[in-house]
Each structure stands twice: as C-alpha cells, then as structure tokens.
1. Select, from 83, 73, the only residue that is β-branched (Val, Ile, Thr) and more than 20 Å from residue 42 (Cβ to Cβ).
2. Mind checking which residues of segment 71-98 are touching a helix residue (DSSP H, G or I) at 6+ places or on another chain (Cβ under 9 Å) and either of a type in the set (Lys, Arg) or open to solvent by 30 Å² or more (accessible area, probe 1.4 Å) (or both)?
3. Can we say residue 30 is farther than 18 Å from residue 1 by Cβ, open to solvent by less than 80 Å² (accessible area, probe 1.4 Å), at pLDDT 95 or above and assigned to a strand (DSSP E or B)?
4. Would you check which residues across segment 54-96 are in a strand (DSSP E or B) and over 13 Å from the mean Cα position of the chain (by Cα) and list them?
5. Does segment 53-70 hold any residues that are open to solvent by 20 Å² or more (accessible area, probe 1.4 Å) and more than 19 Å from residue 4 (Cα to Cα), and which are they?
6. Please specify each residue of segment 2-27 satisfying the condition of being open to solvent by 20 Å² or more (accessible area, probe 1.4 Å), within 17 Å of residue 51 (Cα to Cα) and either modelled with pLDDT under 95 or assigned to a loop (DSSP other than H, G, I, E, B) (or both).
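The values are calculated or read from the model by the stated rules, or taken from the named source; none is laboratory data. Nothing here was measured: the structure is a model prediction, and the numbers come from that model. In this analysis, Cβ positions are derived from the backbone assuming ideal geometry, glycine residues included, and neighbour counts consider all displayed protein chains. The area values use the complete protein model at the heavy-atom level, side chains included, leaving out ligands, DNA and RNA. Shrake-Rupley method; radii C 1.70, N 1.55, O 1.52, S 1.80 Å.
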Amino acid sequence: MINYEGRRFSPVAADGTDDGSEDRVAVYRQNGDLIWGEFSGGKARHGSLTGTCGPDGKLDFAYCMVLESGEVISGHCTSIPRILDDGRIQLDEVWQRYGPHQSVGVSRLQEIR
C-alpha cells in the first residue's frame, strides 16, 4: 500500500476546464486504509475529502468544497496512482459532482515536494 500521509498534490491536467485549479494544493493524511485531506487554491476557498485507500494505492473518496463564489460543491472521486520516474506519485482521477453542480470529469494530480 502507498502511504499518503503528509503528501501534497497539485493538479497538472484537467478535462479542458480552465477553473484555475492549477494553483490548488491538497494535503493528504492516512491512518491504515483511512484517507482524508484538505485543499484550497484556484476557485476553491476550502475543500475536504474522506475515503479509503486500497492495497494497490487506489483512492476512493467523497469530497466537498466551498468556492470563492460561496457555492458548495460535493462529489465522489476515484484516484489511480502511478509512480513517476523521480519517485513522486501521480494520481489519475475520475470524479463526479452531485446536485445543482452535477458534472463528471477526469483530472491528474502530481505530488509536489
């Protein structure tokens, strides 16, 4: 299992949206298979995630965020890890937003040091 404790990630690619998310930074925490984290930046004033980590490092979590506009967005995400040549982790994500902001998409995060 990959240990995500204290690792920081930032978006490097999205599904064609220009939402300013490249300035977003997420910090992940982990205890056993439990994963959680917080993020901010881009248009997100604050966000949090909670979920599980599989033996292969795959993440399955729910998230909620408050945008600069005051809108609250929630959804679900599955992240598949890949170890880069320099040892950092890349997460390929498939996400789905619920409610009035309903949408689906893909994004990619890379570990920042």
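1. On the way: 73 fails: more than 20 Å from residue 42 (Cβ to Cβ).
After applying the criteria, what remains is 83.
2. At the first step, the residues of segment 71-98 found to be touching a helix residue (DSSP H, G or I) at 6+ places or on another chain (Cβ under 9 Å) are 71-75.
Listed by number, the residues that qualify are 71, 72, 74.
3. Numbers: farther than 18 Å from residue 1 by Cβ: no; open to solvent by less than 80 Å² (accessible area, probe 1.4 Å): yes; at pLDDT 95 or above: yes; assigned to a strand (DSSP E or B): yes.
Criteria not met by residue 30.
4. We begin by selecting, within segment 54-96, every residue in a strand (DSSP E or B); these are 59-67, 72-83, 89-96.
Scanning segment 54-96 gives 66, 67, 72, 73, 82, 83.
5. 64, 66, 67, 68, 69, 70
6. 2, 3, 5, 6, 7 - these are the residues of segment 2-27 that are open to solvent by 20 Å² or more (accessible area, probe 1.4 Å), within 17 Å of residue 51 (Cα to Cα) and either modelled with pLDDT under 95 or assigned to a loop (DSSP other than H, G, I, E, B) (or both).
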